[in-house]
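Chemist: Below is the structure I would like to discuss, written out as structure tokens.
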Amino acid sequence: MEYIVHSSSIVDDGATIGDNTKIWHFSHVCSGAKIGKNCSLGQNVFVGNDVILGNNVKVQNNVSIYDAITIEDNVFCGPSMVFTNVYNPRSHISRKAEYRKTLVKTGATLGANATIICGVTIGEYAFVGAGSVIKTDVLPYAIMVGVPARQIGWMCQCGLKILTSNECKCGLKYTIIENSCSILVD
């Protein structure tokens, strides 16, 4: 396999890293991590043992991806966004057996300084705004903002807000019924 690791970074023996992935300055990838092809891990990124990153995942600076987190293909993790894996941590109580799994599905964007509370699923192509706190599952294509986050609309796969016509400027058409959004299949 061919990938790039900056000399200041550590990749523990046993980690799986896909072709053309780049791991930049002062990052640490633990031995059990599985990272796909064409990923980019920015400066000061930590990837735990029980972590899976799909292909073409972009992890910006200062992001820690702890155990029990799975990130599918084409996900963007903005600068300094935060994942958790224990719901009620205490320094003096070990809760490793209580890790809650978090799943970020294909194409989602997690904005800068967003916080993802463990145990949730972020749907396909969802968009979590900068600084938002996610405490519950996020629907596919949902735009989420605020503390705690609330849905304010729907986002196209191309990254533009879907307007009331259910058609994006890029040409994709969507079916929006109550609390669901999906691509319209001709």
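The values are calculated or read from the model by the stated rules, or taken from the named source; none is laboratory data. None of these values were measured; they are calculated from a predicted model. FYI the Cβ positions are ideal-geometry reconstructions off the backbone, even for glycines, and counts take in every protein chain you see. The area values use the complete protein model at the heavy-atom level, side chains included, leaving out ligands, DNA and RNA. Shrake-Rupley method; radii C 1.70, N 1.55, O 1.52, S 1.80 Å.
Chemist: Going through Thr84, Thr16, Thr21, Thr102 one at a time, which residue ends up being open to solvent by less than 40 Å² (accessible area, probe 1.4 Å), of a type outside the set (Lys, Arg), over 23 Å from Val120 (Cα atoms) and free of Cβ contacts under 8 Å to residues at least 40 places away in the same chain? Write out each step before concluding.
Modeler: Details: Thr84 fails: over 23 Å from Val120 (Cα atoms); Thr16 fails: open to solvent by less than 40 Å² (accessible area, probe 1.4 Å); Thr102 fails: over 23 Å from Val120 (Cα atoms).
Thr21 is the lone residue from the list that is open to solvent by less than 40 Å² (accessible area, probe 1.4 Å), of a type outside the set (Lys, Arg), over 23 Å from Val120 (Cα atoms) and free of Cβ contacts under 8 Å to residues at least 40 places away in the same chain.
Yes/no matrix, rows are residues, columns are (1) free of Cβ contacts under 8 Å to residues at least 24 places away in the same chain; (2) within 24 Å of Gln151 (Cβ to Cβ):
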{"residue": "Lys34", "(1), (2)": "yes, no"}
{"residue": "Asp50", "(1), (2)": "no, no"}
{"residue": "Gly107", "(1), (2)": "no, yes"}
{"residue": "Ala114", "(1), (2)": "no, yes"}
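Chemist: If the Cβ limit is 7 Å and pairs must be 6+ apart or interchain, which residue in region 143-157 that is without any contact (Cβ under 8 Å) to a residue 60 or more places away in the chain and hydroxyl-bearing (Ser, Thr, Tyr) pairs with which residue that is crowded, with 17+ Cβ neighbours inside 10 Å and in a strand (DSSP E or B)?
Modeler: Final answer for the pair search is none.
Chemist: Shifting gears a bit: Just to be sure I understand the filter: pairs with C-beta atoms under 6 Å, separated by 6 or more residues or on different chains, first member in region 167-186 and modelled with pLDDT under 90, second member of a type in the set (S, T, N, Q). Which pairs pass?
Modeler: From residues that are modelled with pLDDT under 90, the pairs are Leu184/Thr175.
For every residue, the table says whether it meets (1) assigned to a loop (DSSP other than H, G, I, E, B); (2) in contact with a helix residue (DSSP H, G or I) (Cβ under 9 Å, 6 or more places away or on another chain); (3) open to solvent by 50 Å² or more (accessible area, probe 1.4 Å).
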| site | (1), (2), (3) |
| --- | --- |
| Thr136 | yes, no, yes |
| Val147 | yes, no, yes |
| Gln151 | no, no, yes |
| Trp154 | no, no, no |
| Ser165 | yes, no, yes |
| Gly171 | yes, no, no |
| Thr175 | no, no, no |
